[in-house]
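A short worksheet on the structure shown next.
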Amino acid sequence: MRSGLTLESLGPLVWWLLLLSVLGWGALLFGTKVNRHRRYQRQACRVLDRLPQLDGDGQRLAYLRKVNPYVFEELLLTAFELRGYRIKRNRRYSGDGGLDGQVWIDGQRYLIQAKRYARAITPDHVAEFGALVRREGCRGLFVHTGRTGPKSRAILARIPEVELLSGQGLLELLKKDIPL
């Protein structure tokens, strides 16, 4: 007979400590995600407060292009929420399948794709988002800070369910005192 530690020899106290340890780690990891979401939401509110202080639309767009991409997602959702629209935030930022949030406008569900770009948006991203919107059977808002090239415009023309929101339209959305 071998002597030593076996699972059966562990007493109930050790099992309880092991269970509490696993639960503690789970709460810590889940709490970190919740805290990160709250932190990004607070940063988005600060960005909304900062934008009116900048001189001109060019400076505002340049500022938005430097914002953390996850803060940019939260910024859009917060702007819609402040206007009284119902929104739905994702539980995670990466691996979201191209869906950065949802908003209901006049009873219609819109999926949101947020791209914080300095250059032109890629036609593939537009096409993939259009396919997602069609699969979901709703409408979409492709929101970005970059330029819209001719290939992306051609794809958008073939996907009437997807609306483009960039440049001046984006800045209008982010004005806190003007209803959409």
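Quick note: the coordinates plus some simple rules give every number you see, no bench work behind them. None of these values were measured; they are calculated from a predicted model. Cβ: placed from backbone, ideal geometry, glycine included. Neighbour counts: every protein chain shown.
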Amide H to amide H under 5 Å from residue 162: which residues, 5+ apart in sequence or cross-chain, H placed 1.01 Å off N in plane?
140
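What does DSSP give for the stretch 33-173 in terms of the percent of beta bridges that are antiparallel, rounded to the nearest 5? If you can, show how the numbers build up before the last one.
Values: 8 of 20 bridges.
Beta bridges within the stretch 33-173, antiparallel portion: roughly 40 percent.
Provide the FRET efficiency to the nearest 0.05 for the residue 85-residue 135 pair, computing r from the beta carbons and using R0 = 22 Å. Could you put the intermediate results ahead of the total?
Numbers: r = 23 Å, r/R0 = 1.04.
According to the calculation, E is roughly 0.45.
What ranking, highest mean first, results for peptides 54-62, 134-142 when packing means the other Cβ atoms within 10 Å averaged over each residue? Don't skip to the answer; put the middle values down first.
Numbers: 54-62: 12.8, 134-142: 16.6.
Averaged packing, sorted descending, gives the order 134-142, 54-62.
Taking the Cα centre of the stretch 73-148 as the origin, how large is its charge dipole in debye, to the nearest 20, when only Lys and Arg (+1) and Asp and Glu (-1) carry charge on their Cβ atoms? Spell out each step's value before the answer.
Numbers: 14 positive and 9 negative charges, 8 e Å.
Rounded to the nearest 20 debye, it is 40 debye.
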For residue 88, the lysines lying under 30 Å Cα to Cα, once residues fewer than eight places off in the same chain are dropped, come out as 33, 66, 115, 175, 176
Residues 40, 85 arranged by fewest to most Cβ contacts within 10 Å:
85, 40
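Magnitude of the Cβ-charge dipole of the stretch 33-173, K/R +1 and D/E -1, about the Cα centre, nearest 20 debye? Before the final figure, lay out the partial values.
Working: 27 positive and 15 negative charges, 106 e Å.
In total the dipole reaches around 500 debye.
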Could you work out the local net charge near residue 116, counting Lys and Arg as +1, Asp and Glu as -1, over the other residues with Cβ closer than 12 Å to its Cβ?
+1
Interchain or sequence-distant (5+) residues whose placed amide H lies within less than 5 Å of the amide H of residue 115 are 143, 144, 145
